[in-house]
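Shown next, in structure tokens, is the structure this report addresses.
The values are calculated or read from the model by the stated rules, or taken from the named source; none is laboratory data. Only a predicted model underlies this, so the values are computations on that prediction, with no experimental measurement involved. Glycine gets a Cβ as well: all are built from the backbone with ideal geometry, and neighbour counts include every protein chain shown. Ligands, DNA and RNA are stripped out before the accessible areas are found, and what is left, the full protein with its side chains, is counted by its heavy atoms. Shrake-Rupley method; radii C 1.70, N 1.55, O 1.52, S 1.80 Å.
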Amino acid sequence: MAHPAQLGFQDAASPIMEELMYFHDHTLMIVFLISSLVLYIISLMLTTELTHTSTMDAQEVETVWTILPAVILILIALPSLRILYMMDEITTPSLTLKTMGHQWYWSYEYTDYESLCFDSYMTPPLELDPGELRLLEVDNRVVLPTEMSIRMLISSEDVLHSWTVPSLGVKTDAIPGRLNQATLMTSRPGIYYGQCSEICGANHSFMPIVLELVPLKHFEEWLLSTL
């Protein structure tokens with residue numbers, strides 16, 4: 001999860017988030033190089049006498065500053081499209097989890113199992129145990145297996161919400177009357193926190209999401225104890 005004075009992303013816990021972080025670094029380096037070049041040219045124009053003013057009318061220069069931005073855009077677009085298709089592609093998911101947004105809590109349903117559904121409310125500050133996180137803990141955590149492809153079906157029953165877990169690279173809008181789909185797969189067990197990322201009303205900031213990712217064996221034990 002995030003910590004004070006953090007400048008970068010949270011540690012990636014899924015292959016999709018790792019790809020997003022690589023793409024972010026790739027794009028940021030391109031932006032840094034462009035900004036450095038523009039700053040260098042501006043400093044030259046302010047400090048150096050222009051002895052070759054006819055250069056600005058040369059066809060070679062116009063060709064370069066037309067082709068170079070196109071090449072840069074291609075270098076950004078290709079990995080971006082690749083990640084976009086990776087995020088949208090869902091092939092033979094091992095588990096399906098349906099999420100419904102309400103004002104102001106989440107409800108979850110494991111559609112592969114009968115009658116396995118529950119609501120997840122934020123834990124009030126006065127009921128927190130020592131070590132628990134204020135405004136992030138919930139009364140019912142979502143337990144999911146690691147290293148398995150999970151399909152998320154996300155919708156809403158009242159207003160717009162957004163189901164977001166930053167360390168997993170998942171951010172999908174919950175829209176009334178529409179069923180959105182997302183892929184979730186984690187590479188390591190742990191507890192991951194998220195929040196509603198849509199301004200959905202007065203208690204918008206009190207809709208935390210807590211995922212508890214465990215190995216498949218422990219997930220099966222949790223299922224047996226719950227069903």
For this session: Confirm whether residue 92 is farther than 30 Å from residue 156 by Cβ and surrounded by fewer than 10 Cβ atoms within 10 Å (Cβ to Cβ).
Result: no
Exercise. Which pairs have Cβ atoms under 8 Å, sit 6 or more apart or on different chains, and link a residue in segment 15-39 that is more than 26 Å from residue 89 (Cα to Cα) and in the same structural domain as residue 75 (by the TED database) to one that is assigned to a helix (DSSP H, G or I) and open to solvent by 50 Å² or more (accessible area, probe 1.4 Å)?
Worked result: 30/75
Problem set entry | Only one of 128, 227, 179, 216 that is surrounded by fewer than 15 Cβ atoms within 10 Å (Cβ to Cβ), within 21 Å of residue 115 (Cα to Cα) and at pLDDT below 90 | 227
Problem set entry | Residue match in segment 95-110 (condition: out of contact with any helix residue (DSSP H, G or I) (no Cβ under 6 Å at 6 or more places or on another chain) and exposed (fewer than 15 other Cβ atoms within 10 Å of the Cβ)) | no
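Can you report the number of residues in segment 150-170 which are in contact with a Gly (Cβ under 9 Å, 6 or more places away or on another chain) and not polar (S, T, N, Q)?
As a first pass, look at segment 150-170 and keep what is in contact with a Gly (Cβ under 9 Å, 6 or more places away or on another chain): 154-168, 170.
When the remaining residues are screened for being not polar (S, T, N, Q), the result is 154, 157-161, 163, 165-166, 168, 170.
Final tally of qualifying residues: 11.
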For this session: For segment 182-211, enumerate the residues that are under 23 Å from residue 21 (Cβ atoms) and open to solvent by 20 Å² or more (accessible area, probe 1.4 Å).
Result: 183, 185, 187, 188, 189, 190, 191, 193, 195, 197
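Could you check, for segment 76-84, whether at least one of its residues is of a type in the set (Val, Ile, Thr) and assigned to a helix (DSSP H, G or I)?
At the first step, the residues of segment 76-84 found to be of a type in the set (Val, Ile, Thr) are 76, 83.
The next check asks that each one be assigned to a helix (DSSP H, G or I); those that pass are 76, 83.
Yes, that holds for at least one residue.
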